[in-house]
Structures are given as C-alpha cells and as structure tokens.
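Enquirer: Sending over a structure as structure tokens; questions will come in a sec.
The values are calculated or read from the model by the stated rules, or taken from the named source; none is laboratory data. In this text the structure is predicted, and so the values were computed from the model without any measurement. Methodologically, a virtual Cβ is constructed for each residue, glycine included, from the backbone with ideal geometry; neighbour enumeration extends over all protein chains shown.
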Ligand SMILES: [Fe+2]
C-alpha cells in the first residue's frame, strides 16, 4: 500500500511540465559520431540480414559513441526523468527498410523488443489507416486524439519519420506527479486506485484467452519500495462495458481527476521529423493531439512514426505473479520476441504463457 506522497523534489521521475522544460538532461541530440556509427552498423547489418526482425545485436555492432548513448537512454529511463528525446535521427538519409534496420538495431541494444498488436508486428507503423471511429480500435492507426496513457510494455519508443504539416502537439506527464496530487487532495480515492481496474484486450487475445485482463491492474502501486503506475482509460472503459460492470460515478470522478491532473502537469512539445522518444510506461504517460492532413499528405506520404515496445525488467518492482500485475502484454500475438515469432510460438496453444489465464 502507498502511505505517503512520493516527494517530487527527491524523485527525478516526479516532474511537472515546468520542471521538464527547465531540464535538458533528458534531451539527447545525435552527434556526427553517432550518425557515422549508425551508418557503419547499418552496413554490417545489411551484409548479414535482409529483415530487421532477423537482426541480432552482433549484426548491429555499436561503436563507442552509440553504446554510450544507449547506456544513457537506459539510465534516464531507469533513474532519471523516465523520458528521453533523441533528435537528429537521419530519417531522410535512409530508405524505409534501412531506417527500420537502424531503429530496430538501436532498440534491441536497449532492451527486449516484443510484438505489439494482433498481427504480431514488432515495429508498428503509427499512421492514418483510414480506420473509422469505433469503440474498440487501437488509436495509433487513426488521426484522433490520444489522451495521456501508457502502453503495455515497460518502455515505448517512437521515431518520427514524417510529421504532418499541422504537427499535433505531443505530451508527456509524470504519473508520480499525478499520484502526489491525489495524496494531497483526494487520499480517500487511493485505495480504490491501488485496487485497480480490469483492462480490455480489444479482441487481440488468443481464442483460449479471456477478452479482458483476468485481474484488475493497479493504477498506483508501490512494491519493494518502488512506485509504479498503469493508466489507460480507453482500455479500462472498454473492459467495464465488456464485463457488464459499469464504472460508478465515484470511479469515473477519480479517473477524470487523474486525466485532468496529468494534463495540468504535462510537458507539451512538437515532435519533429528525426526525433525519437522513449518513455518508461511505469512512471510516464504519453499522448498527442488529434490532427488533420492535406490531400497530398494523405497519399501515402502522411505522418509516419515507427513504434517499438521494449521490455526492461529492471524498471519493474518484483512482480507478484499471482496478481498478474506485469502480465499485461502477454496475450494473443502480443508480447513475443522476434526469436519466438520466428519459430511460431505465437501460433500454438501449447506455448500458452505463464501469465495467461
Ligand atoms: Fe501509446
């Protein structure tokens, strides 16, 4: 149980938007040395594999500068602000295939990359796909607003390949700052939030798996002295409908308060072409505004981001397996490594995972 506010002044992850704006430690511009090493690693990778999913760390060897950068990203995610923004990724220098190799190569050095949708995509393309507004549609294939939320992996990575001319504002928010506001203004709601809510699986589970998480996912939790948070209102709302268990007025009020507080303490920014961010999903929320594109942009040249889901177990408090707190991602075609997908582990009920009910 959480008993007291996490003190923002002593917890780097407990920032406000103003704090983040005044701190450049989490902004990491790529240097000429980084880009030169990227090109060398890419050349080596292309001599070994044709598909990014087949890439191993040794196929994409990092020079000293890039290795230092990856270490720095990991440190910032683990004990720093929980968010990192790279800039100057040379997206126009590479073909889309080479770009996937470069980005994937960096990500596999950072942690364990896993599949992130019902098609077992390892690198998801975040772009408009003409999907009509629907209750149970993953938002990243649409131009609609993405309210502040977390994804299912330990870390989300996004690389901006092309930005829309109407560049939608992106946001980060600290879940610790949100928790502190609850502790000061609505401590009576914390027990319910710590109990958590079921999350919907948006129909992406396997036939033998339940359509919602089998256990409630805590909004706030402290285990082994470490704070963590999980919040995605769309998935909470969808699970309540599917389970025919409507949220009460009080529950909606606390979720409204969470969203309003996250927005109030958010850091907002324009994600530019060649920017790449990483966010620790256990302490930092991300989101963006909705956007429009003109006709030219919509013809296959519109806004495009590459997204990775990366697991970094060192970010987590020790998991309570009985509560399935960290089995969120392990269902259907989600949560598989490239190696597991290559041997078809996702296709067989015989490989059903420990965390699946
Ligand atoms: Fe997301």
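Enquirer: For the stretch 88-111, what are the residues that are surrounded by 16 or more Cβ atoms within 10 Å (Cβ to Cβ) and outside any helix (DSSP H, G or I)? Steps first, please.
Expert: Going through the stretch 88-111, the residues surrounded by 16 or more Cβ atoms within 10 Å (Cβ to Cβ) turn out to be 88-89, 91, 94, 98-111.
Within the stretch 88-111, 88, 89, 91, 94, 111 meet the criteria.
Enquirer: Based on what the data block shows, is residue 42 surrounded by 19 or more Cβ atoms within 10 Å (Cβ to Cβ) and either farther than 30 Å from residue 179 by Cβ or in contact with a strand residue (DSSP E or B) (Cβ under 9 Å, 6 or more places away or on another chain) (or both)?
Expert: no
Enquirer: Could you please give the count of residues in the stretch 27-51 that are within 24 Å of the chain's Cα centre (by Cα) and in a loop (DSSP other than H, G, I, E, B)?
Expert: Summing the residues that are within 24 Å of the chain's Cα centre (by Cα) and in a loop (DSSP other than H, G, I, E, B) in the stretch 27-51 gives 2.
Enquirer: Let me ask you something else. Which numbered condition trips up residue 24, out of (1) in contact with a strand residue (DSSP E or B) (Cβ under 6 Å, 6 or more places away or on another chain); (2) assigned to a loop (DSSP other than H, G, I, E, B)?
Expert: In the conditions (1) in contact with a strand residue (DSSP E or B) (Cβ under 6 Å, 6 or more places away or on another chain); (2) assigned to a loop (DSSP other than H, G, I, E, B), residue 24 misses (1) alone.
Enquirer: If we keep just the residues of the stretch 57-84 that are in contact with a strand residue (DSSP E or B) (Cβ under 8 Å, 6 or more places away or on another chain) and assigned to a loop (DSSP other than H, G, I, E, B), which is nearest to residue 317 (Cα to Cα)?
Expert: Keep residues of the stretch 57-84 that are in contact with a strand residue (DSSP E or B) (Cβ under 8 Å, 6 or more places away or on another chain), which gives 69, 72-73, 76-78, 81-84.
Restricting the remaining residues to those that are assigned to a loop (DSSP other than H, G, I, E, B) gives 81-82.
Values: 81: 17, 82: 15 Å.
Filtering the stretch 57-84 for residues that are in contact with a strand residue (DSSP E or B) (Cβ under 8 Å, 6 or more places away or on another chain) and assigned to a loop (DSSP other than H, G, I, E, B), the one nearest to residue 317 (Cα to Cα) comes out as 82.
Enquirer: I've got another one for you. Name the residue that is surrounded by the fewest Cβ atoms within 10 Å (Cβ to Cβ), counting only residues in the stretch 272-293 that are more than 13 Å from the ligand (Cβ to nearest atom), assigned to a loop (DSSP other than H, G, I, E, B) and modelled with pLDDT of 90 or more.
Expert: In this case the residue turns out to be 272.
Enquirer: Does residue 296 qualify as being part of a helix (DSSP H, G or I), more than 16 Å from the ligand (Cβ to nearest atom), modelled with pLDDT under 70 and more than 21 Å from the chain's Cα centre (by Cα)? Full working, then the answer.
Expert: On the way: part of a helix (DSSP H, G or I): yes; more than 16 Å from the ligand (Cβ to nearest atom): yes; modelled with pLDDT under 70: yes; more than 21 Å from the chain's Cα centre (by Cα): yes.
When the stated conditions are applied, residue 296 passes them.
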